[in-house]
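Input: a single structure, listed below in structure tokens.
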Amino acid sequence: MASVSPEYALLLAGVLFCLGLVGVIVRRNLLFILLCVEIMLNSAGLAFVVAGARWGQPDGQVMFIFLLTMAAAEVAVGLALLILHFNRRKTLNADMMGGG
Amino acid sequence: MNTVFALSAVVAVAATVLVITRRSAVHALLYLVVSLLAVAVIMFLLGAAFVAALEVIIYAGAIMVLFVFVIMLIGHESIAMNPRAWIGPSVMSAVLLAELAWVLARGRLGGASVTEVGPKQVGIALFGPYLLGAEMAAFLLLAGLVGAFHLGRRRN
């Protein structure tokens, strides 16, 4: 079995990031926007791991652990905001945010 | 190109496309878990088994459960799913499981070109040169906890 070439793995990370970005731009549901942000963070983590594996160093995995921590904190605050928004407006539509 | 990698990459991209096109949040969540599992398989193939396990446990486990809790709390849509909705994610996960079984049955991962970086090296790096980063991550988690508590608290 040949090893995974870093170029293709980085390409996959790029494709996943673009899909997440498209989701953030296209979807208006706040829950889906958060999901797509998760996809983007995950693809960035994949890029870190690929780069770490390319040089055989643990740094990439360490950065992924930091990214995981950040994603957890981001999701906790983001979902709390989402619940707050839903309780006020009774909708998850991002266009209904703001405006008093 | 490595067929196992290609298969997992196809599964990851297909599941992600399905995530951003689903109408129901629960279905999207299910596909996102499959996408994360596919990425975990790719990390495993890259020789980063520790991070692959973290991806399954924390991302596909803990963070996705948080999303499920919020969907239930909001009660915006019914959690109950018709059995047909399980077919897509099940087939994709079966593909990933078959890949994993095949890779494990072959014994050693990859060829001489795959250098495995184990948990020991990661731990030494994390609590050696990256110690300040680990402390900051702890602060970030505390800030997230306080922020989520503050936002979620009932006002009267």
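Read the figures in this text as sums done on the coordinates, not as results from a lab. All values derive from a computational prediction rather than experimental measurement. All Cβ positions, even for glycine, are placed from backbone atoms using ideal geometry, and neighbour counts span all protein chains on display.
A few notes on this one:
- Radius 12 Å from Cβ of A:Met96, net charge of other residues (Lys, Arg +1; Asp, Glu -1): +3
- Chain A - charge dipole about Cα centre, Lys and Arg +1 at Cβ, Asp and Glu -1, debye rounded to 20: 460
- GNM on chain A, alpha-carbon springs under 10 angstrom: the most fluctuating residue among A:Leu34, A:Leu81, A:Leu16 is A:Leu81.
- About its Cα centre, the protein assembly as shown has a charge dipole of approximately 800 debye under the convention of +1 per Lys or Arg Cβ and -1 per Asp or Glu Cβ, with nothing else charged.
- Tail beyond 34 Å, pair distance distribution of the protein assembly as shown (Cα, percent): 20
- Measuring nothing but how far apart in sequence close Cα pairs (under 8 Å, 6+ apart) lie, relative to its length, chain A scores a relative contact order of 26 percent.
- Neighbourhood charge, 14 Å Cβ-Cβ cut-off, centred on A:Leu16 and excluding it, Lys, Arg +1 and Asp, Glu -1: -2
- Cα centroid of region B:13-37 to Cα centroid of region B:89-153, whole Å: 21
- Within the protein assembly as shown, helix-based [θ] at 222 nm, where runs of 4 or more DSSP H residues each add -39,500 (n - 2.57), nearest 500: -24500 deg cm²/dmol
- Its Cα centre serving as origin, region B:81-156 has a Cβ charge dipole (Lys and Arg +1, Asp and Glu -1) of approximately 380 debye.
- Note on B:Ser24 and B:Lys120: with the Förster distance fixed at 51 Å, the Cβ-Cβ geometry gives a FRET efficiency of about 0.75.
- Mean-square fluctuations from a GNM of chain B, with a 10 angstrom spring cutoff on Cα atoms, peak among B:Gly118, B:Gly75, B:Gly144 at B:Gly144.
- Taking 0.36 nm per residue of sequence separation and removing the Cα-Cα distance, the B:Met72/B:Ala98 pair yields an extension gain of 6.1 nm.
- Gained length - B:Ala143 relative to B:Arg84, 0.36 nm times residue gap less alpha-carbon distance: 17.1 nm
- Take each residue in B:21-33, count the other chain C-beta atoms within 10 Å of its C-beta, and the mean is 2.
- For region A:29-90, fraction of C-alpha pairs farther apart than 17 Å, in %: 48
- Shielding by partners, peptide B:4-11 (average Cβ within 10 angstrom, other chains): 3
- Among B:Leu132, B:Leu30, B:Leu145, residue whose mean-square fluctuation peaks in a GNM of chain B (springs only between Cα atoms under 10 Å): B:Leu145
- Stretched out straight at 0.36 nm per residue, the stretch from B:Val91 to B:Ala134 would grow longer than its current Cα-Cα span by 11.6 nm.
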